[in-house]
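Worksheet: one structure, shown below.
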Amino acid sequence: MRKHLNIKVFGRVQGIFFRATAKEQADLLGIVGFAKNIPDGSVYIEAEGEEEKLDKFVKWCYIGPSMAEVEKVEITEDKLKNFLQFEIY
């Protein structure tokens, strides 16, 4: 079953290729949506895909790329928006 998640990742997550690496992970898993930096220093992600693939993507969000220091991840479920690909803003 396809789901839509809103994910907010806090910590040292900007300026360390978090969004680019998130896109790589999303593309590998067949996840669509987007990632963007937020002025408060967090990264905001909307992700859609099969539940099992989203679970793997969320687990990755708690770790991030090698230079990331993830302090907290907030996740909420939302209605599907039917994105076509994963983009970086």
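Read-outs: derived from the displayed coordinates by stated rules, not from any lab. Given the structure is predicted, the values throughout are model-derived calculations rather than measurements. We place every Cβ from the backbone using ideal geometry, glycine too, and count neighbours over all the protein chains shown.
Condition check ((1) of a type in the set (A, V, I, L, M, F, W, C); (2) part of a strand (DSSP E or B)) across all residues:
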residue	(1), (2)
LYS3	no, yes
VAL9	yes, yes
GLU24	no, no
ASP27	no, no
GLU46	no, yes
MET67	yes, no
VAL70	yes, yes
THR76	no, yes
ASN82	no, no
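If only residues of the range 25-57 that are surrounded by fewer than 16 Cβ atoms within 10 Å (Cβ to Cβ) and in contact with a strand residue (DSSP E or B) (Cβ under 9 Å, 6 or more places away or on another chain) are counted, the one that is nearest to ILE75 (Cα to Cα) is GLU51. Of all residues in the range 30-89, those satisfying the criterion of being among the charged types (D, E, K, R) and within 16 Å of ARG2 (Cβ to Cβ) are GLU46, GLU48, GLU50, GLU51, GLU52, LYS53, ASP55, LYS56, GLU77, ASP78, LYS79, LYS81.
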